[in-house]
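Chemist: Here's a structure for you.
The values are calculated or read from the model by the stated rules, or taken from the named source; none is laboratory data. It should be emphasised that the depicted structure is a prediction, and the values quoted were computed from it without experimental measurement. Note that we place each Cβ from the backbone using ideal geometry, even for glycine, and neighbour counts take in every protein chain shown.
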Amino acid sequence: MPLLEISGLTQRFGGLQALTDFSFRLEEHELVGLIGPNGAGKTTVFNIVSGFYRPTAGRIVFGGRPVNGLKPHRITALGLARTFQNIRLWNDLTVLDNIRLARYAWLGYGFWSAVLRTKRYRRAEKGIEAKAREVLEMMKLTDCAGELPRNLPYGLQRRVELARALAGQPRLLLLDEPAAGLNSADVEDLIRHIRWIYDEFKLSIWMIEHQMKVVMTLCQRLTVIDFGCVIASGTPEEIRNDPGVIKAYLGDETL
Amino acid sequence: MRRYAINILLCAAALALVGLAQADMLDKYVLTVITFMGINCIFAVSLNLVNGYMGEFSCGHGGFMCVGAYVGSLLSVAFFTDSKLFGAPLFAPELAPFLFPLVLLGASLAAALAGLLVALPSFHTRDDYLAIITIAANYIIISIVENIDAIGGPRGFSGMKKAVNAMSDFADCPWMLIWTLIGVAVCVMTVYRLMTSTYGKGVSAVCQNEVAAEIMGVDTNRVKIMAFMVSSGLGGLAGALYAHVYGYVNAQSFNLLKSTEGLVMVYLGGMGSISGVLMAAVAFTLLVEALRFVIPWLNDGLHALSLLPAGYELSQIWKWVIIPLTLILLMQFRPEGFLGNRELTQVFPRLKRWITLK
């Protein structure tokens with residue numbers, strides 16, 4: 001059974017057809033990419049899968065469960081996590097609190113427990129704290145646990161966002177342009193880092209990325225979309241030589 | 001032991017206050033001012049949950065205070081007094097000191113439910129638009145209360161003084177001061193514990209980046225309902241205490257002017273800072289009371305210097321020029337308030353050695 005199965009996904013915003021009949025399958029423990037020119041509808045796909053948009057038509061099955069129309073936090077609780085093209089951290093909470101909050105869907109206590117400081121509250125918070133520290137340790141962020149994210153350099157902010165996504169122990173991680181705004185040395189780091197995450201956490205990764213180097217070295221499969229339609233899919237090698245892709249996406253240049 | 005120094009000091013101060021009042025060593029006026037200081041603390045700290053931590057601009061907090069004041073008064077009258085409205089008391093008046101917490105609880109719950117009036121629209125609206133809704137909620141509540149003739153309508157409602165007297169008959173203590181001090185403690189503990197738990201930090205997450213919050217598993221609608229209900233519920237607690245201290249309520253005491261007082265206290269103290277808002281509530285209450293004396297002095301002084309035309313007297317209405325003016329000056333020169341969004345223990349880290357907060 002595939003981890004994620006999308007069929008016939010269509011999204012219209014008023015008169016704009018952002019996505020047309022998009023179908024896609026992703027197995028457990030796969031690392032695949034979604035590429036396409038600017039405005040092709042890549043982020044729209046992610047926004048629909050993570051529950052942020054309600055698709056006009058189509059069906060999404062995640063982990064054997066249809067998730068169309070579920071609220072984003074419900075989908076997160078099923079094991080999906082994502083990062084954003086433009087970093088979206090909670091800038092006035094410490095890095096540690098940012099990671100802690102990623103466990104929100106699995107809190108295990110409610111309002112009265114929090115106010116009355118019950119045993120259940122103390123046990124749950126202990127678990128959350130331990131988990132958050134563990135993730136920080138793994139992502140080599142322990143030193144900035146008490147910092148506010150906005151005081152960190154850009155590269156570290158990206159890493160915090162990644163750590164926050166991983167703290168929910170997702171089965172599927174969506175990365176929206178993880179290399180955006182990184183210099184070439186940082187990109188090398190990122191490639192190693194993503195591969196390490198993929199091996200270490202045994203999860204599936206689906207990424208949108210503009211930097212060809214990243215997708216070509218990391219991804220096992222690629223899907224290319226343009227104007228909301230899939231124009232090609234296959235291994236990086238096949239995509240590299242696909243004349244349709246070269247024409248639509250890269251113009252006359254070669255990869 | 002040292003870690004509890006400030007905790008013990010605060011408890012001792014509260015006990016000393018009650019002791020002084022008990023021994024009749026406090027002027028009645030001073031006692032009332034201190035009690036109102038406590039009520040303002042509850043009012044401001046509860047408003048701070050929405051305006052400070054959640055980053056929404058609620059300007060209708062007075063409305064929830066109104067609900068609490070009326071429901072609290074009605075419960076008191078029904079429980080402990082012989083009234084035209086409810087007939088014989090439900091409980092023996094001797095039980096008043098023990099059952100009064102039930103009155104406060106009922107008032108808070110009713111106000112929390114009224115909070116839904118703002119919480120539900122907040123799912124789809126934010127910022128300025130939600131602020132307008134809060135103003136509307138304030139008006140709706142006041143209009144409803146004013147149009148129910150059974151509870152006095154625009155004439156107001158009274159009778160709960162008998163319940164307070166019933167408590168005094170049972171034991172001669174400064175009951176309302178005691179309940180107010182307990183109320184302040186409950187309110188501060190609730191907000192503090194909430195906002196230091198991961199559960200409560202969901203409120204900050206919604207404030208700082210709602211999209212990220214929703215995507216990272218925070219049920220934003222539930223967080224909003226919770227924050228608005230807790231905030232308005234504690235506002236209702238302030239209202240119930242207010243009604244019993246005065247012994248008389250009128251819907252117009254909870255109009256936008258009251259809500260504005262709350263806003264002044266929150267912005268004076270610093271949004272998202274409990275200690276700052278507590279300081280502001282105390283300072284604001286003192287300022288308002290001080291103006292009672294300062295305005296006549298000012299009047300005499302200006303007449304003596306013949307800066308005011310003869311026949312014009314500076315009245316207490318000028319309070320509402322001077323207080324907003326302080327707000328304008330504050331926004332100009334220290335927009336973050338006393339403490340910004342930091343707590344006293346963050347500004348003076350050494351304090352942490354003397355106080356234990358859990």
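Chemist: Would a scan of the range B:340-347 turn up a residue that is farther than 30 Å from B:Leu263 by Cβ and without any contact (Cβ under 8 Å) to a residue 24 or more places away in the chain?
Modeler: Restricting attention to the range B:340-347, the residues satisfying the condition of being farther than 30 Å from B:Leu263 by Cβ are none.
No, the range B:340-347 contains no residue that is farther than 30 Å from B:Leu263 by Cβ and without any contact (Cβ under 8 Å) to a residue 24 or more places away in the chain.
Chemist: Let me ask another. Do you know which residues across the range B:157-203 are more than 9 Å from every other protein chain (Cβ to nearest Cβ), small (Gly, Ala, Ser), surrounded by 19 or more Cβ atoms within 10 Å (Cβ to Cβ) and outside any helix (DSSP H, G or I)?
Modeler: The answer is B:Gly159, and nothing else.
Chemist: A follow-up question, please. Among the listed residues A:Gly168, A:Gly146, which satisfies the condition of being small (Gly, Ala, Ser), in contact with a strand residue (DSSP E or B) (Cβ under 6 Å, 6 or more places away or on another chain) and within 14 Å of chain B (Cβ to nearest Cβ)? Steps first, please.
Modeler: On the way: A:Gly146 fails: in contact with a strand residue (DSSP E or B) (Cβ under 6 Å, 6 or more places away or on another chain).
Answer to the selection: A:Gly168.
Chemist: Still on this structure: Please go through the range B:117-153 and pick out each residue that is among the small types (Gly, Ala, Ser) and outside any loop (DSSP other than H, G, I, E, B).
Modeler: So the first thing to find is which residues in the range B:117-153 are among the small types (Gly, Ala, Ser), and the list is B:119, B:122, B:131, B:136-137, B:143, B:150, B:152-153.
The answer is B:Ala119, B:Ser122, B:Ala131, B:Ala136, B:Ala137, B:Ser143, B:Ala150, B:Gly153.
Chemist: Turning to a different aspect of this structure: Does the range A:92-100 contain at least one residue that is touching a Lys or Arg at 6+ places or on another chain (Cβ under 6 Å) and not assigned by TED's automatic domain parsing to the domain that holds A:Leu148?
Modeler: The answer is no, given that none of the residues of the range A:92-100 is touching a Lys or Arg at 6+ places or on another chain (Cβ under 6 Å) and not assigned by TED's automatic domain parsing to the domain that holds A:Leu148.
Chemist: So, one more: Does A:Arg65 satisfy the condition of being loosely packed, with under 15 Cβ neighbours inside 10 Å and within 11 Å of chain B (Cβ to nearest Cβ)? Can you show your working first?
Modeler: On the way: loosely packed, with under 15 Cβ neighbours inside 10 Å: yes; within 11 Å of chain B (Cβ to nearest Cβ): no.
In short, no.
Chemist: From the list A:Ile6, A:Ile48, pick out the single residue that is under 30 Å from A:Gly244 (Cβ atoms), free of Cβ contacts under 8 Å to residues at least 40 places away in the same chain and among the aliphatic types (A, V, I, L, M).
Modeler: On the way: A:Ile6 fails: free of Cβ contacts under 8 Å to residues at least 40 places away in the same chain.
Answer to the selection: A:Ile48.
Chemist: Here is a further query. So how many residues does the range A:37-62 have that are within 14 Å of another protein chain (Cβ to nearest Cβ) and either surrounded by fewer than 16 Cβ atoms within 10 Å (Cβ to Cβ) or not in a helix (DSSP H, G or I) (or both)?
Modeler: Taking the range A:37-62 and keeping what is within 14 Å of another protein chain (Cβ to nearest Cβ), we get A:43, A:46-54.
Now narrow it down to the ones that are either surrounded by fewer than 16 Cβ atoms within 10 Å (Cβ to Cβ) or not in a helix (DSSP H, G or I) (or both): A:50-54.
Residues in the range A:37-62 being within 14 Å of another protein chain (Cβ to nearest Cβ) and either surrounded by fewer than 16 Cβ atoms within 10 Å (Cβ to Cβ) or not in a helix (DSSP H, G or I) (or both): 5 in total.
Chemist: Here's something else I'd like to know. If you scan the range B:204-223, which residues turn out to be more than 7 Å from every other protein chain (Cβ to nearest Cβ), closer than 30 Å to B:Met37 by Cα and surrounded by fewer than 24 Cβ atoms within 10 Å (Cβ to Cβ)? Walk me through how you get there before you give the answer.
Modeler: Filtering the range B:204-223 for residues more than 7 Å from every other protein chain (Cβ to nearest Cβ) gives B:206-207, B:210, B:213, B:220-223.
Of the ones still in play, those that are also closer than 30 Å to B:Met37 by Cα are B:207, B:223.
The one that is more than 7 Å from every other protein chain (Cβ to nearest Cβ), closer than 30 Å to B:Met37 by Cα and surrounded by fewer than 24 Cβ atoms within 10 Å (Cβ to Cβ): B:Cys207.
Chemist: While we're looking at this one, here's another question. Among the residues of the range A:104-118, which ones are within 7 Å of chain B (Cβ to nearest Cβ) and either buried (at least 24 other Cβ atoms within 10 Å of the Cβ) or assigned to a helix (DSSP H, G or I) (or both)?
Modeler: Scanning the range A:104-118 gives A:Tyr104, A:Ala105, A:Phe111, A:Ala114, A:Val115.
Chemist: Counting just the residues of the range B:92-143 that are buried (at least 23 other Cβ atoms within 10 Å of the Cβ) and polar (S, T, N, Q), which one comes out modelled with the lowest pLDDT?
Modeler: B:Ser122
Chemist: Considering each of B:Ser46, B:Ser76, B:Ser58, B:Ser108 in turn, give the residue that is within 29 Å of B:Gly152 (Cβ to Cβ), assigned to a loop (DSSP other than H, G, I, E, B) and not aromatic (Phe, Trp, Tyr). Steps first, please.
Modeler: Working: B:Ser46 fails: assigned to a loop (DSSP other than H, G, I, E, B); B:Ser76 fails: assigned to a loop (DSSP other than H, G, I, E, B); B:Ser108 fails: assigned to a loop (DSSP other than H, G, I, E, B).
So the residue among B:Ser46, B:Ser76, B:Ser58, B:Ser108 that is within 29 Å of B:Gly152 (Cβ to Cβ), assigned to a loop (DSSP other than H, G, I, E, B) and not aromatic (Phe, Trp, Tyr) is B:Ser58.
Chemist: Sticking with this one: Say whether the condition of being under 19 Å from A:Ala232 (Cβ atoms) and in contact with a Cys (Cβ under 7 Å, 6 or more places away or on another chain) is met by at least one residue in the range A:2-25.
Modeler: Yes: one or more hits.
Chemist: Name the helices (runs of 4 or more DSSP H) wholly inside the range B:244-358 in which the number of residues that are in contact with a Cys (Cβ under 6 Å, 6 or more places away or on another chain) and surrounded by 15 or more Cβ atoms within 10 Å (Cβ to Cβ) is 1 or more. Lay out the reasoning, then the answer.
Modeler: Values: elements: B:256-269, B:274-304, B:319-333, B:344-347.
By residue number, B:256-269, B:274-304.
Chemist: Which helices (runs of 4 or more DSSP H) sit wholly inside the range A:162-255 and have at least 2 residues that are within 17 Å of the chain's Cα centre (by Cα) and touching a residue at least 60 places away in the same chain (Cβ under 8 Å)? Don't jump to the end; show me each part of the working.
Modeler: Values: elements: A:184-201, A:212-218, A:236-241, A:243-250.
Answer list for the range A:162-255: A:184-201, A:212-218.
Chemist: Checking A:Arg82 against (1) of a type outside the set (Val, Ile, Thr); (2) touching a Phe, Trp or Tyr at 6+ places or on another chain (Cβ under 7 Å); (3) surrounded by fewer than 21 Cβ atoms within 10 Å (Cβ to Cβ), which test does it fail?
Modeler: It is condition (3) that A:Arg82 fails.
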